[in-house]
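Read the structure below first, then the notes.
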Ligand SMILES: [Zn+2]
């Protein structure tokens, strides 16, 4: 009995060694093969360096787990984050998150795109998978990449400015223009705004007028550092004179400290109404109701909402609007996040997929300044780069 058992054991061991060496030879042969599987009855074994995962098969499809594939791609590409943008219009994903690869004569699958985040930034490539005649499942490495962000200056319109994210010393928006041609009363001649912000404002207020809402007053727009300083000092001295325990803190809640005000960017504006010319009652006006509902569609956000004062550290300001551009403003509307929360969520999630109300789909990818975005040769993408904080930019990809 002992002999039989040990013979059997030897045979099994030999078989294992044979399979292993076969595996190693195959792995060494094809440079482009990053992973493969062994067809066995009704299942595929997805061979990883550190273990085996099973692929299931039905009569019509091979089921490939998205999480398995993701883990594999992360490992092979030494990536901290992996995001797969699957061709879901081409391949179905079942309720267990498995991609259903139809078994056909073609045997090759263009699964979609994959995004890796590494220490140098993001890399994007296609996920091409093939099943060859010996039933090996393989994904090929990309041949070469092109760097697309190097030396590209980001758009500045979504920059977070607050007490913790101050503007750099000597900050100056060079694209300020005098406000003209807007359907609103301008409280001071010569008021200025950032050029892109003004264009968006014009379009927004034209639409409001078309909707019968036309009592807007532009109360305050761009302010220089020294103008902001005067405002702050005035409020600080007033609080101090009235015997406030902490005049600095109290003044900060109602007037931003110089260098921390969005007004200095030229992308923020205080809007009031002819009927409600005071900030304290503006929220009762139809102008406010219209802006609150529609401003997002033009790239604006109500910057200091009533329910976000803990996050913004600024009291409710129904009159203060900030241009951050689309599609970010649309994303803010859909998620209900204020600008501080938006930035936090991008920092946390690294890659966010967003379907806007108009049906357009976007990917938001956080990228540190100085990092790059590498695209597999032949891959084209509609993307822009925008600034979030002093350290972070955001890549916005329109799918
Ligand atoms: Zn303001």
Which of 365, 381 has the fewest Cβ neighbours within 10 Å, and the rest in rising order: 381, 365
Once R0 is set to 35 Å, what does the formula 1/(1 + (r/R0)^6) return for the Cβ-Cβ distance between residue 186 and residue 151, expressed as a FRET efficiency to the nearest 0.05? 0.35
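Full extension from residue 283 to residue 356: what is 0.36 nm times the residue separation minus their Cα-Cα distance, to one decimal in nm? Numbers along the way, then the final one.
On the way: separation 73, 0.36 × 73 = 26.28 nm, distance 2.72 nm.
Here the segment from residue 283 to residue 356 would lengthen by 23.6 nm.
If you take the square roots of the eigenvalues of the alpha-carbon gyration tensor of segment 340-399 and sort them as a ≥ b ≥ c, do you get rounded (a/c under 1.5), prolate (a/b over b/c) or oblate?
Values: a/c = 2.23, a/b = 1.10, b/c = 2.03.
Cα axes put segment 340-399 in the oblate bin.
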For a label point 7 Å from the Cα of residue 104 along Cα→C-beta, name the residues of segment 81-98 whose backbone N is under 11 Å from it. 90-91
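Bear in mind these aren't lab numbers, they're just calculated from the coordinates by the rules spelled out. Note that the structure is a prediction, hence the values are computed from the model and not measured. With ideal geometry, Cβ positions are generated from the backbone for all residues, glycine too; neighbour counts draw on all protein chains shown.
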